[in-house]
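Heads up: the structure comes next, in structure tokens.
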């Protein structure tokens, strides 16, 4: 019996506009934005580079990872260097994640994304520490302390599952989260607004990771963590709404980090 060959993956760095529109979720406008981005900034060197293209959210990024490639330009970008280095170190020294089928992470991008989640959870926990320091209302402080503990637990459990040692250096997203929180969180209103942007970033990252080929046990852990992230952002949004606090525009540096 002859097995049908898989269709070749579309190289996002060389595909024409017409070829790009054959990918699910890419219409003519997004295809043009892809081409404009790579013409102006050069080829995409990591999957995270695609997040700079307007309209690329976590769900669409997952589809692109499954149905396309980055060709020979796929190298860690300056933005993703810390995450990529952490993933490379984990690949060499960590025991592979266990799963019910005894499998391993199904593709290199999966391991890179999990290490990215670890770094992001660490940055989020630090951002919550900064936000908690400026809050005065006991109820708000208690909630934020609980959310910080969730992020610390997520980091610890994912590291344990990979059998990896924590890295001391934050990635670019982590540094951006910290800078944004330090500049923005001056009192309770701005602290919650900053944490909302923080949680939008982590929610997107967890949703994107679930699009990767993950062992069952790791997938269950990522899904559980994502539910925590969704719970965090629901509470923050409701608190901002009920208190009548306006949401200022997120600075462009924070939007780019996402």
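The figures follow:
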item	result
Residues within region 208-227 that are surrounded by fewer than 19 Cβ atoms within 10 Å (Cβ to Cβ) and in a helix (DSSP H, G or I), tallied	7
Test: residue in region 106-128 that is modelled with pLDDT under 75 and in a loop (DSSP other than H, G, I, E, B)	yes
Residue check, residue 97 at pLDDT below 90, surrounded by 21 or more Cβ atoms within 10 Å (Cβ to Cβ) and either in contact with a helix residue (DSSP H, G or I) (Cβ under 6 Å, 6 or more places away or on another chain) or in the same structural domain as residue 225 (by TED's automatic domain parsing) (or both)	yes
Scan of region 181-196 for residues that are surrounded by 18 or more Cβ atoms within 10 Å (Cβ to Cβ) and outside any helix (DSSP H, G or I), ordered by number	185
Test: residue in region 150-170 that is assigned to a helix (DSSP H, G or I), at pLDDT below 90 and crowded, with 24+ Cβ neighbours inside 10 Å	no
So residue 208, is it at pLDDT below 90, farther than 20 Å from residue 123 by Cα and outside the structural domain of residue 60 (by TED's automatic domain parsing)	no
Test: residue 67 is more than 22 Å from residue 195 (Cα to Cα), outside the structural domain of residue 214 (by TED's automatic domain parsing), touching a strand residue (DSSP E or B) at 6+ places or on another chain (Cβ under 8 Å) and modelled with pLDDT under 80	yes
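The values are calculated or read from the model by the stated rules, or taken from the named source; none is laboratory data. Predicted model, so just to flag it, every value in this text is computed and none were measured. In this analysis, Cβ positions are derived from the backbone assuming ideal geometry, glycine residues included, and neighbour counts consider all displayed protein chains.
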